[in-house]
Amino acid sequence: MRLKNKTALITGGNSGIGLATAKAFIAAGARVAITGRNKATLDAALAELGSDAMALQADATDIAATEQAVAAAVQAFGKLDIVFANAGIPGSTPIGGSRLEVFEQILRTNITGVFFTVQAAAPHLNDGASIILNGSVMSQLGSPGSSAYAASKAGVRGMARVMASELAPRGIRVNVVSPGATRTPIWDGAAPTPEAKAQLEKRLSGIIPLGRLGEAEEIAKTVLFLASDDASNVNGTEIFVDGGSNGSPVGGPVFRG
Ligand code: NDP
C-alpha cells in the first residue's frame, strides 16, 4: 500500500481527474478529503469513495472557505501528507471577443485559488509532504482562444518552482502533473451532445501522437506516483501525461503521410 496511513486533500475531487485520483489514493491506503462547489456531486462522490473519504463544500476562489476546508480535513484526519490542487475551469478568451469577468475568473480559479490552497495547507503539512498542482499541455501549445487558460497553467508551472524552493527546507516536494486532452466532464461545455463529443474527440485525437484522449485514471496514476515515496527525489518538475502532445507536437495521425 503506497499511501498507507497518509492523509490527502484534493480540490475538485468530486469530478473527473480529482475523483479518479481520490479513488486511487484510497485504494493505496490513504484517507482523502475532497472539495468542490457542487453539493450534489460531492455527495455522489462521497457515496462512491466510502468511509476513508470526507467531502467539503468549498469554493477554491474563496480564501476563507478554503481555510475552513483545510481546518476540517485536519480536524478529521490530523496533519496532511498530500495536497492535490486540482480544481480548475476551462474558458474561451479570444482576442477581440473576451470579457474581463471571464478572463479573471479563469485566473482566479486556476492560479489564485491554487496558491491560496497551498498557503492554507502549508502550516498543516507534515514534513516530507507532497504537493501536486494540476497544469495542462495547453500552457505549451498556443491553441487559439486560450489566452487566459494557457496563462493560468503556465503560471501554475512557474508557481510550482517557487513553492518547491520555499518548502524544500521542510522536505516538502512540489510538482506539476500536466494532462493532455483527457476524457472528463470538463469538455461538456464545449461539446454538450454525444455527437459533438464524438466529433471533438476525433479532432483532438488527430493531433495526439498516441491517437486518443487520455483517461482520468491515467492522470491519477501519475499523481499517485508523485504523492508517494516512489517520487522521493522528484521535486520542482512537471510531468506531461498527454500521449506525446507536448513532446512530439507534429506526431499525431493528421501529420502522417
Ligand atoms: P472536471 O470539470 O471534471 O473537474 C473540475 C473540478 O474542479 C470539479 O470537481 C469542480 O467541482 C472543481 N472546481 C472548479 N472550480 C472550482 C472552484 N472554484 N472551487 C472548487 N472546486 C472547483 O474537469 P477535469 O477533471 O478534467 O479537470 C481537473 C483539472 O485538470 C483542471 O485543473 C483542468 O484544468 C485540468 N486539465 C484537464 C484536462 C482535460 O482534458 N480534462 C487537460 C489538462 C488539464 P465543482 O464544479 O463542484 O466546483
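Each reported figure results from applying straightforward, stated rules to the coordinates on display, with no laboratory input. Worth saying up front: this structure is predicted, and the values here are computed from it rather than measured. As a convention, Cβ positions derive from the backbone with ideal geometry for all residues, glycine included, and neighbour counts pool all protein chains shown.
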Members of the range 27-44 found to be out of contact with any Leu (no Cβ under 6 Å at 6 or more places or on another chain) and either within 23 Å of Gly214 (Cα to Cα) or more than 16 Å from the ligand (Cβ to nearest atom) (or both), listed by number: Ala27, Arg31, Ile34, Thr41
Thr66: passes all of (1) in a helix (DSSP H, G or I); (2) surrounded by fewer than 16 Cβ atoms within 10 Å (Cβ to Cβ) but (2)
Within the bounds of the range 72-87, is there any residue that is within 23 Å of Arg183 (Cβ to Cβ), outside any helix (DSSP H, G or I) and out of contact with any strand residue (DSSP E or B) (no Cβ under 6 Å at 6 or more places or on another chain)? no
Residues of the range 28-63 being surrounded by 15 or more Cβ atoms within 10 Å (Cβ to Cβ) and in a helix (DSSP H, G or I), in sequence order, are Thr41, Leu42, Ala44, Ala45, Leu46, Leu49, Ile63
Just the residues that are buried (at least 19 other Cβ atoms within 10 Å of the Cβ), touching a strand residue (DSSP E or B) at 6+ places or on another chain (Cβ under 9 Å) and assigned to a loop (DSSP other than H, G, I, E, B), please, taken from the range 229-245. Asn235, Asp242, Gly243
Output for the range 2-27, where each listed residue is without any contact (Cβ under 8 Å) to a residue 40 or more places away in the chain and either on the phi > 0 side of the Ramachandran plot or surrounded by 18 or more Cβ atoms within 10 Å (Cβ to Cβ) (or both): Asn5, Ala22, Ile26
Taking the residues in the range 126-144 that are among the hydrophobic types (A, V, I, L, M, F, W, C) and crowded, with 24+ Cβ neighbours inside 10 Å as candidates, determine which candidate is nearest to the ligand (Cβ to nearest atom). Val137
Filtered residues of the range 34-48 (kept if in contact (Cβ under 8 Å) with a residue 24 or more places away in the chain and under 18 Å from the mean Cα position of the chain (by Cα)): Ile34, Thr35, Gly36, Asn38, Thr41, Leu42, Ala45
Give the residues of the range 96-112 that are part of a helix (DSSP H, G or I) and either among the basic types (Lys, Arg) or within 16 Å of the chain's Cα centre (by Cα) (or both), sorted by residue number. Ile106, Leu107, Arg108, Thr109, Asn110, Ile111, Thr112
Residue identified as more than 7 Å from the ligand (Cβ to nearest atom) and either within 17 Å of the chain's Cα centre (by Cα) or of a type in the set (Asp, Glu) (or both) among Ile10, Ile63, Ile17: Ile10
